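The values are calculated or read from the model by the stated rules, or taken from the named source; none is laboratory data. Small disclaimer: the values here were computed from a predicted structure and weren't measured. Using ideal geometry, Cβ is built from the backbone for each residue, glycine included, and neighbour counts are taken over all protein chains shown.
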Amino acid sequence: MPVSQLGNTIEKNTEFDSLNPIASKAASILQTGGIVYLGENHSKPEARHVVLGLIEQRSKFIGTIGLEINTEDTEKYLGSDKGVKLLKVDPKFYRNSHYSFGDIVEAARAHHINVGFYDKQEPGRGNTIDRQNHIADQIQGYYQNRPSRSTWCGLSSTKKGVLILIGSDHLNRSQDMYKSKNWEALQALVSSGTSVRHGYSDTCTMVYTEAKQVKLNN
């Protein structure tokens with residue numbers, strides 16, 4: 001969806017924050033330079049709607065957006081407009097019936113927001129230890145290298161936030177899942193956050209960690 005059309009998904013003359021409680025909370029965390037994980041059902045639109053709304057309405061708070069795509073595909077998808085178009089037609093979860101990852105990349109580019117692809121998955125191997133470690137390492141890198149947001153004529157600055165769109169199963173903190181070494185590295189980053197669910201029938205879950213509380217996994 002072109003950025004010029006994003007406003008059509010949000011009522012005119014109405015604050016985006018007041019329309020969507022999870023977006024309001026996400027914006028407040030991003031403003032502090034923290035990390036927001038939006039867990040999605042890959043076939044449902046709600047989480048991607050929130051991401052696109054935050055890009056359109058609160059871009060100054062967002063330094064990096066991370067998407068669940070193989071890291072090695074970065075050049076393929078970000079290196080050209082053709083690559084971004086591929087993300088709009090890919091039959092996999094990169095696209096659902098409402099918003100594609102290509103829409104997000106296109107909107108982020110227009111608002112000068114960094115986009116990162118953090119996944120690593122070999123076909124048929126699923127949630128391997130290597131994959132989870134890779135995801136955690138990439139997200140740590142986004143946090144450590146997030147850009148600054150200058151304030152009041154440049155006399156002071158604060159770090160911009162990091163917004164991660166991820167399958168909600170990765171944020172599952174149930175006892176059985178947490179004990180699995182396959183999930184250990186990512187959970188070390190997520191576990192200090194506070195999980196918030198809004199009224200979208202569990203198709204969008206937010207876990208957030210304020211900047212001052214972030215404990216990176218060593």
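Based on what the data block shows, is Y94 modelled with pLDDT of 90 or more and touching a Ser or Thr at 6+ places or on another chain (Cβ under 8 Å)? Before you say what the answer is, go through the steps one by one.
On the way: modelled with pLDDT of 90 or more: no; touching a Ser or Thr at 6+ places or on another chain (Cβ under 8 Å): yes.
In short, no.
Which members of region 52-77 meet the condition of being of a type in the set (V, I, T) and closer than 15 Å to K120 by Cα? Even if it seems obvious, please write down each step before you answer.
Here is the first cut: in region 52-77, the residues of a type in the set (V, I, T) are 55, 62, 64-65, 69, 71, 74.
If the condition is that a residue be of a type in the set (V, I, T) and closer than 15 Å to K120 by Cα, then I69, T71, T74 are the ones that fit.
Please count how many residues of region 6-31 are modelled with pLDDT under 85 and either of a type in the set (G, A, S) or within 12 Å of the chain's Cα centre (by Cα) (or both). So that I can check it myself, show each step before the final result.
Here is the first cut: in region 6-31, the residues modelled with pLDDT under 85 are 6-21.
Narrowing the set further to residues that are either of a type in the set (G, A, S) or within 12 Å of the chain's Cα centre (by Cα) (or both) leaves 7, 18.
Residues flagged as modelled with pLDDT under 85 and either of a type in the set (G, A, S) or within 12 Å of the chain's Cα centre (by Cα) (or both) within region 6-31 amount to 2.
Within the group I139, I69, which residue is in contact with a Phe, Trp or Tyr (Cβ under 9 Å, 6 or more places away or on another chain) and in a helix (DSSP H, G or I)? Spell out the reasoning first.
Values: I69 fails: in a helix (DSSP H, G or I).
Sole residue among the options that is in contact with a Phe, Trp or Tyr (Cβ under 9 Å, 6 or more places away or on another chain) and in a helix (DSSP H, G or I): I139.
Can you tell me which residue is modelled with the lowest pLDDT among those in region 112-144 that are in contact with a strand residue (DSSP E or B) (Cβ under 8 Å, 6 or more places away or on another chain) and polar (S, T, N, Q)?
Only one residue fits best here, namely Q121.
For region 32-64, which positions are modelled with pLDDT of 90 or more and of a type in the set (S, T, Y)?
Matches in region 32-64: Y37, S59, T64.
Could you check region 65-92 and list, in sequence order, the residues that are more than 11 Å from V105 (Cβ to Cβ) and crowded, with 23+ Cβ neighbours inside 10 Å? Full working, then the answer.
First pass over region 65-92, keeping only residues more than 11 Å from V105 (Cβ to Cβ): 66, 68, 70-73, 75-76, 79-80, 82, 89-92.
Correct list: G66 only.
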